[in-house]
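Notes to accompany the following structure.
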Amino acid sequence: MLEVRDLVTTFDTDAGTLTAVDGVSFSVHRGRTLGIVGESGCGKSVTALSIMRLLPQPMGRIKGGSILFDGLDLARLPSEQMLEVRGGRIGMIFQEPMTALNPVHTVGRQLSEVFLLHRTRSKRDALQMSVEMLRKVGIPSPEIRVGEYPHQLSGGMRQRVVIAMALACKPALVIADEPTTALDVTIQAQILELMQSLQHEMGMAIMLITHDLGVIADMCDDVVVMYAGRVAESGPVDRIFAEPSHPYTRGLLNSIPRLTTPRKSRLNIIEGMVPSLADLPVGCRFQNRCPFRIEACSGQPVLESVAPGHDVACHRWRELPPLASTP
Amino acid sequence: MSAPLLDVQDLRMHFPVKEGLFQRSKKSCRAVDGVSLSVAPGETIGLVGESGCGKSTLGKCIVRLHQPTTGAILFEGDDLAKLSPSRLKPHRRHLQMIFQDPVESLNARHMVGDILAEPYLIHRMGDSVWRRRKVLELLDKVGLPANAAERYPFEFSGGQRQRIGIARSIALEPKLIVCDEPVSALDVSIQSQVLNLLLDLQREMGLSYLFIAHNLAVVKHVSDRVAIMYLGRIVEFAGADEIYRNPRHPYTRALISAIPQPDPRHRQQRIVLTGDVPSPIDPPSGCPFHPRCPHATDRCRAEVPSLRPAPGLPGHTVSCHYDLP
């Protein structure tokens, strides 16, 4: 349904032009959930903003590739047509609900705006639809809440409002950028549960961006692992967690403490840190942290198929030892 | 068990909430409301709870960044809660703190070498040559290069800045470090590096930690015993393995079930609590957890439960009227 091909997004900065997303491809299928996981600076949020055409202007630019959605190429779509897609066919949930909502307008007014743009001309109808939408996302006494301002709501309630806005026009795709990162664990559970039940009911596809492998395992059908602007590995979630083929994915899965890890034991680590975008190594971007580095790694690896639907960008994926013995 | 290093007794920290034209304080925010816990030498106590439960306030009271309203903080037998600032100073070197955000907790205008030498200056230790040597030792201990001393905090990544914060906290060879969410601002691949460093330092220096965090998997990994806080109180306290294997309080159970496990084969049934954490300004009657508790009864609405030993489980205390199956 959504097919991103060789997306390249650049930013003009004082330090020159930085390539935040460098040849990223993936697709989201109808009614399914795709997770995009990676650490800060890996380009996961920039990918989302590119799809929504919300890159900060004038620095951010889609330099190459295509974003095919329902037969349209969003990378080249004129801005006026993009207005109909954004909020109409594709909804977006942001990380920080306080900044995503306008503090000086009531919840009802902000939600009505979506309906007035895409569905109706009558303000009264729009407000009625807003109340219904708030009820759907589990906000108690929505008739009262529509008249309130964002600061009067708790963090979890605000995120429900943001979800209501994203889903208002029954979009075919929802892009959620770290939707629960700012929330407490028990509230995160509520929001994830809500997203799952709404997906079940409305059948939309979800593109879920997060750094939390737990959330990915819990929510997603497929996953794309990004590192320094490129796809390191992608495939069905069960396969990626059971048989990760990229040293970075393996390193991540190995390093997180789990409830089953023996207490106070040394955790496996990934040495070093993510390279800065201004100073990327030539070839494989993970090479300076990779325990399996060889000379060939200074040539850029291409995505190779490990199994149907499971791709990895590593020169040595065939030779890697079974996961348990990874250093 | 040996004599505790730190023994907190019925600690309360109530902040006045000022209202109205004349800023009279009519209400108070009960951030910490009767907490008792002890830390043995070399032990790590994990403190878990959601935002607003008072876990950070408790940590700040213990290092006396706050003056607690009532209660005692016995540190090696002296009650820190009652000491004047000048009497407190000799104790301060044994009690240090690591903050969540290493960007805000390091002075951006000072070079790292000066930041690390400052504890020695404050306690009038050594001359400049000696301090310089100590700074290099500290950098080496936390895995930073010697030339870091001549650089400014902004030149470092988040993980490295947290290492600087850790180096500063161990400068005076403290006995107890309060770690307030030390890894939650860091990337996943950096978190485990910093956790390993904290564990290594503990082994090397015999440190005790009060480890405050909301990530239960992280807390369980580093802690010997874990306390779960809710609305300013401890609701359950037990050994780290025990509390995960056998949680007795309904809140602990919900909290554990809500952690998304990084394993798609084990998608467990989440216990989803309804509603939000109530405000500590206006806490509910009776058990503070009752409005969200799936097992609440009339007794829970009326009567405040006290922390009592869980039947048949030595060293395990729980604050619930009932013994849930």
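The values are calculated or read from the model by the stated rules, or taken from the named source; none is laboratory data. Remember, it's a predicted structure, so these values are computed and weren't measured experimentally. Here Cβ is always computed from backbone atoms with ideal geometry, including for glycine, and neighbour counts include all displayed protein chains.
What number of residues within segment A:24-55 are closer than 23 Å to B:D187 by Cβ, of a type in the set (A, V, I, L, M, F, W, C) and part of a strand (DSSP E or B)?
Number satisfying all stated conditions: 5.
Going by what's in this entry, would A:D212 be described as buried (at least 23 other Cβ atoms within 10 Å of the Cβ) and either among the aliphatic types (A, V, I, L, M) or within 12 Å of chain B (Cβ to nearest Cβ) (or both)? Walk me through it before giving the result.
Working: buried (at least 23 other Cβ atoms within 10 Å of the Cβ): no; either among the aliphatic types (A, V, I, L, M) or within 12 Å of chain B (Cβ to nearest Cβ) (or both): yes.
It is false that A:D212 is buried (at least 23 other Cβ atoms within 10 Å of the Cβ) and either among the aliphatic types (A, V, I, L, M) or within 12 Å of chain B (Cβ to nearest Cβ) (or both).
If B:V183 meets every condition in (1) crowded, with 20+ Cβ neighbours inside 10 Å; (2) among the aliphatic types (A, V, I, L, M); (3) assigned to a helix (DSSP H, G or I) apart from one, which number is that one?
B:V183 satisfies every listed condition except (3).
Six or more apart or on different chains, Cβ atoms under 6 Å: show the pairs whose first residue is in segment A:76-98 and on the phi > 0 side of the Ramachandran plot and whose second is surrounded by 14 or more Cβ atoms within 10 Å (Cβ to Cβ).
A:G87/A:V114
For segment A:96-145, which residues satisfy the criterion of being β-branched (V, I, T) and either closer than 17 Å to A:L194 by Cα or in a helix (DSSP H, G or I) (or both)? Explain how you work it out, then say what you get.
Initial filter on segment A:96-145 (β-branched (V, I, T)): A:99, A:104, A:106-107, A:114, A:120, A:131, A:137, A:139, A:144.
Result: A:T99, A:V107, A:V114, A:V131, A:V137, A:I139, A:I144.
Any idea how many residues of segment B:148-184 are touching a Gly at 6+ places or on another chain (Cβ under 6 Å) and closer than 13 Å to B:P102 by Cα?
Looking only at that region, the number is 1.
Out of A:V174, A:V237, report the one residue that is of a type in the set (A, V, I, L, M) and surrounded by 23 or more Cβ atoms within 10 Å (Cβ to Cβ). Step through it out loud before you land on a result.
Numbers: A:V237 fails: surrounded by 23 or more Cβ atoms within 10 Å (Cβ to Cβ).
Checking each option against the conditions leaves just A:V174.
So which of B:R265, B:R301 ends up being in a helix (DSSP H, G or I), modelled with pLDDT under 90 and loosely packed, with under 15 Cβ neighbours inside 10 Å? Even if it seems obvious, please write down each step before you answer.
Numbers: B:R301 fails: modelled with pLDDT under 90.
The match here is B:R265.
Given the structure, is A:G235 assigned to a strand (DSSP E or B) and out of contact with any Cys (no Cβ under 7 Å at 6 or more places or on another chain)?
Working: assigned to a strand (DSSP E or B): yes; out of contact with any Cys (no Cβ under 7 Å at 6 or more places or on another chain): yes.
Taking the combined requirement at face value, the residue satisfies it.
When the residues of segment B:223-258 are filtered to those that are in a strand (DSSP E or B) and closer than 18 Å to A:T261 by Cβ, which remaining residue is nearest to the chain's Cα centre (by Cα)? Quick ask: steps written out before the conclusion?
Residues of segment B:223-258 in a strand (DSSP E or B): B:225-230, B:233-239.
From the residues that got through so far, the ones that are closer than 18 Å to A:T261 by Cβ too are B:225-226, B:239.
Numbers: B:R225: 12, B:V226: 11, B:G239: 16 Å.
Selected residue: B:V226.
Read through the list (1) surrounded by fewer than 22 Cβ atoms within 10 Å (Cβ to Cβ); (2) touching a helix residue (DSSP H, G or I) at 6+ places or on another chain (Cβ under 9 Å); (3) at pLDDT 90 or above; (4) facing chain A (nearest Cβ under 10 Å), then give the number of the only condition that B:L195 fails.
All conditions pass for B:L195, except number (1).
Going through B:G275, B:G239, B:G232 one at a time, which residue ends up being under 20 Å from A:I191 (Cα atoms) and either of a type in the set (F, W, Y) or more than 8 Å from chain A (Cβ to nearest Cβ) (or both)?
Numbers: B:G239 fails: under 20 Å from A:I191 (Cα atoms); B:G232 fails: under 20 Å from A:I191 (Cα atoms).
None of the others qualify; the one that does is B:G275.
Among what's in segment B:278-310 and is among the polar types (S, T, N, Q) and out of contact with any helix residue (DSSP H, G or I) (no Cβ under 8 Å at 6 or more places or on another chain), pick the residue that is farthest from the other protein chains (Cβ to nearest Cβ).
Only one residue tops the list, namely B:S306.
Just checking, how many residues over segment A:276-303 are in a loop (DSSP other than H, G, I, E, B), touching a Gly at 6+ places or on another chain (Cβ under 9 Å) and within 26 Å of A:A15 (Cα to Cα)?
Residues of segment A:276-303 that are in a loop (DSSP other than H, G, I, E, B), as a first pass: A:276, A:280-286, A:290-294, A:299-303.
Cutting the leftovers down to touching a Gly at 6+ places or on another chain (Cβ under 9 Å) gives us A:276, A:280, A:282-286, A:290-291, A:299-301.
In the following step, the residues that additionally are within 26 Å of A:A15 (Cα to Cα) were identified as A:276, A:280, A:282-286, A:299-300.
Residues that pass the stated criteria total 9.
Out of everything in segment B:198-217 that is small (G, A, S) and more than 8 Å from chain A (Cβ to nearest Cβ), what residue ends up being nearest to B:V103 (Cα to Cα)? Step through it out loud before you land on a result.
Kept after step one, since they are small (G, A, S), are these residues of segment B:198-217: B:206, B:208, B:213, B:217.
Still in the list and also more than 8 Å from chain A (Cβ to nearest Cβ): B:206, B:208, B:213.
Numbers: B:G206: 28, B:S208: 25, B:A213: 18 Å.
Going through the qualifying residues, I end up with B:A213.
Being over 20 Å from A:D22 (Cα atoms), at the interface with another protein chain (Cβ under 9 Å from one of its Cβ atoms) and in a loop (DSSP other than H, G, I, E, B) is true for just one of A:P257, A:P244. Which residue is that? Write out each step before concluding.
Working: A:P244 fails: at the interface with another protein chain (Cβ under 9 Å from one of its Cβ atoms).
Unique residue meeting the criteria: A:P257.
Determine if segment B:49-62 includes at least one residue that is in a strand (DSSP E or B) and touching a Pro at 6+ places or on another chain (Cβ under 9 Å). Show your work before the answer.
Going through segment B:49-62, the residues in a strand (DSSP E or B) turn out to be none.
Scanning segment B:49-62 turns up no residue that is in a strand (DSSP E or B) and touching a Pro at 6+ places or on another chain (Cβ under 9 Å).
Quickly run through segment A:282-296 and pick out the residues that are touching a helix residue (DSSP H, G or I) at 6+ places or on another chain (Cβ under 8 Å) and basic (K, R). Spell out the reasoning first.
Within segment A:282-296, the subset touching a helix residue (DSSP H, G or I) at 6+ places or on another chain (Cβ under 8 Å) is A:282-284, A:286-287, A:289-293.
Within segment A:282-296, A:R289, A:R293 qualify.
Just name the residue that is modelled with the highest pLDDT out of those in segment B:14-39 that are surrounded by fewer than 17 Cβ atoms within 10 Å (Cβ to Cβ) and touching a Ser or Thr at 6+ places or on another chain (Cβ under 7 Å).
By that ranking, first place goes to B:P16.
For every residue, the table says whether it meets (1) in contact (Cβ under 8 Å) with a residue 40 or more places away in the chain; (2) under 21 Å from the mean Cα position of the chain (by Cα).
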residue: B:F15; (1), (2): no, yes
residue: B:E19; (1), (2): no, no
residue: B:K27; (1), (2): yes, no
residue: B:G59; (1), (2): yes, yes
residue: B:A81; (1), (2): yes, yes
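Taking helices (runs of 4 or more DSSP H) that fall entirely within segment B:78-159, which contain at least 2 residues that are more than 14 Å from chain A (Cβ to nearest Cβ) and surrounded by fewer than 15 Cβ atoms within 10 Å (Cβ to Cβ)? Don't jump to the end; show me each part of the working.
Working: elements: B:85-92, B:102-105, B:112-122, B:128-141.
Output list reads B:85-92, B:112-122, B:128-141.
Look through A:M219, A:M202, A:M195 and report the one residue that is more than 13 Å from chain B (Cβ to nearest Cβ) and at pLDDT 90 or above. Lay out the reasoning, then the answer.
Values: A:M219 fails: more than 13 Å from chain B (Cβ to nearest Cβ); A:M195 fails: more than 13 Å from chain B (Cβ to nearest Cβ).
Answer to the check: A:M202.
Checking B:E173 against (1) in a helix (DSSP H, G or I); (2) more than 23 Å from B:A217 (Cβ to Cβ), which single condition isn't satisfied?
(1) is the only condition that B:E173 fails.
Residues being closer than 30 Å to A:E201 by Cβ and aromatic (F, W, Y): count how many of those fall in segment A:6-31. Show your work before the answer.
Here is the first cut: in segment A:6-31, the ones closer than 30 Å to A:E201 by Cβ are A:26-31.
Restricting the remaining residues to those that are aromatic (F, W, Y) gives A:26.
Selection size over segment A:6-31: 1.
For the condition aromatic (F, W, Y), more than 19 Å from A:S276 (Cβ to Cβ), out of contact with any Cys (no Cβ under 9 Å at 6 or more places or on another chain) and surrounded by 15 or more Cβ atoms within 10 Å (Cβ to Cβ), what is the one hit in A:F11, A:F69?
Details: A:F11 fails: more than 19 Å from A:S276 (Cβ to Cβ).
When all the criteria are applied, what remains is A:F69.
Working only within segment A:56-82, note down all residues that are outside any loop (DSSP other than H, G, I, E, B) and either modelled with pLDDT under 90 or among the polar types (S, T, N, Q) (or both). First the steps, then the outcome.
So the first thing to find is which residues in segment A:56-82 are outside any loop (DSSP other than H, G, I, E, B), and the list is A:60-69, A:72-73, A:79-82.
A:S66, A:S79, A:Q81 - these are the residues of segment A:56-82 that are outside any loop (DSSP other than H, G, I, E, B) and either modelled with pLDDT under 90 or among the polar types (S, T, N, Q) (or both).
Starting from residues that are part of a loop (DSSP other than H, G, I, E, B) and within 14 Å of chain B (Cβ to nearest Cβ), keep the ones in segment A:149-166 and report whichever is surrounded by the fewest Cβ atoms within 10 Å (Cβ to Cβ).
Just the residues of segment A:149-166 that are part of a loop (DSSP other than H, G, I, E, B), to begin with: A:149, A:153-154.
Filter once more, keeping what is within 14 Å of chain B (Cβ to nearest Cβ): A:153-154.
Values: A:L153: 20, A:S154: 16.
Among those residues, the one meeting the criterion is A:S154.
Need the failing condition index for A:C169 against (1) within 11 Å of chain B (Cβ to nearest Cβ); (2) surrounded by fewer than 23 Cβ atoms within 10 Å (Cβ to Cβ); (3) not in a helix (DSSP H, G or I), just the number.
The number of the failed condition is (1).
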